[in-house]
Amino acid sequence: MATGPEAARAATGPEVDLGPLGIDGGGHLLIAHALARLPVGSPLTVLGGGPHLPVHLRAWARERGHRVEGNVVIGGDADHRRLAGARRAGATGDVAERAPAAWGLAARGAIVEPGAPPLVGADLDRREEVWTELAPKLYAQAAAGQWDPATAVDWTPPELADEVEVAVVQVMTYLIENEQAALAVPARFIGRIHPHYREVVQFLTTQLADEARHVEVFTRRGRLGGRPFGVSGAGGRASLLTLLDEPEWPTASFLLSVLGEGTFLSLLSFLERHAPDPVTARIAHLALQDEARHVAFAMAHLSEHLRSDPALRYRLAAAVRRRHDALLDTAGLSDHVHDALAILAAGEWSHEAIGRGWTLVGSLQEEMNEARGRRLVRLGFSEHEANELSALHTRNFM
């Protein structure tokens, strides 16, 4: 049988020695650590040399639902009761079908302690309407694929004929306003996506960074030759404003990324192939890589959404027709832009070159239409409806 100090310790339970630490100096961590290893109601003797230990120990214990008898803490169950109604914000590695507002900004898989106000405004909170299994992979690719305009491009001013440089500047003028629209559209919806679907939010933030960078390089190329910017067509601006007015994210993403940016893949590829100077070719190549990710994300996201909600296809088609009707009285692609593309592709001011450039622009428009149709078929539209919707897409390309 134990006698003396050992018997006294057995009667009061285990001990924790704080040494010189006070409760206000971190000593409470040692006490909490010791209590966590004991059943509720077990005694824990607290030893220590801090001058205010008795007073601080009682205050600390009372706040956490423990009892104190002298220097012995009797573990309570307040922490257990406080978290009794808590639920995890999904599983760490899994994406929930719906993310409640009560989860707020909690990390996926975290224990969400009750009592905080709900997250307001994140109404895009269902997996089927925001998620794609490609989101983590595309985000990783986007994060790794960011490039610096200052080092990724050799900004040596090219020596071009005046008419060709003016044409390049007109195309850059056009690209800038289109990229500004492509920046504004996803920015409207990022704050509405529940942070539980963080990889989607993360990808869209890289999309914003991409578009901001495209605006920068197109602006820089436009100024490179010292000439003023070209014409911003009224029809083009009207077309872009319809994108900003689209109220639903699926339809806005469809109109912008599947149809608009999808069409821009053909345009940027055209500019890379037929650019009259290395700077224009280089920035078109870099922007094309970024835009391909944006289109891939929208296609993957909408494909998964359509599997769970086939009726979405009718809403997407209705959005195309509604936009077409809204733009019926506008001019579409400005003659300034069309002609500039022909001159840019010609590369020189001769009738043979201009004829070649004009033909190339016509082939570009046919390529755009065919590529749009193929993407629409991939989303489940019949070939007939895909061709019809592609033909209704704005003549402004975006």
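Structure notes:
- Gain on full extension, evaluated as 0.36 nm per residue between ARG37 and ASN369 minus their Cα-Cα distance, stands at 112.7 nm.
- Spatial extent of the chain: Rg and Dmax, with the Cα atoms as the point set, Å: 31.6, 113
- Packing around the peptides 198-206, 306-314, 244-252, 126-134, taken as the average count of other Cβ atoms within 10 Å per residue, puts them in this order, highest first: 198-206, 126-134, 244-252, 306-314.
- Built amide H within the under 5 Å cut-off of VAL68, gap 5+: ILE74
- Summary of packing: across the peptides 365-372, 295-302, the per-residue average of other C-beta atoms within 10 Å ranks them, highest first, as 295-302, 365-372.
- Gained length - ALA152 relative to GLN180, 0.36 nm times residue gap less alpha-carbon distance: 8.0 nm
- Largest-first principal axis extents, alpha carbons of the stretch 279-339, Å: 44, 34, 9
- Amide H to amide H, with H built 1.01 Å from N, ARG88 comes under 5 Å of VAL112, counting only residues 5 or more places away or on other chains.
- Peptides 27-34, 262-269 ordered by average Cβ neighbours within 10 Å, highest first: 262-269, 27-34
- Dividing the summed -39500 (n - 2.57) terms of all DSSP H runs of n ≥ 4 by the residue count of the chain sets its mean residue ellipticity at 222 nm at -19000 deg cm²/dmol.
- Relative contact order for the stretch 127-392: 27 percent, from Cα pairs under 8 Å spaced at least 6 residues apart, divided by residue count.
- GNM result for the chain, Cα springs below 10 Å: residue of ASP17, ASP210, ASP290 fluctuating most strongly: ASP17
- Taking label points 7 Å from Cα along the Cα-to-Cβ direction, ALA161 and LEU392 give a separation of 4.2 nm.
- Of GLY236, GLY260, GLY13, the residue with the greatest mean-square motion in the GNM of the chain, using alpha carbon springs below 10 Å, is GLY13.
Quick note: the coordinates plus some simple rules give every number you see, no bench work behind them. Computed from a prediction, not measured in an experiment: that's the story for all the values here. Neighbour counts run over all protein chains shown; Cβ positions are idealised from the backbone, glycine included.
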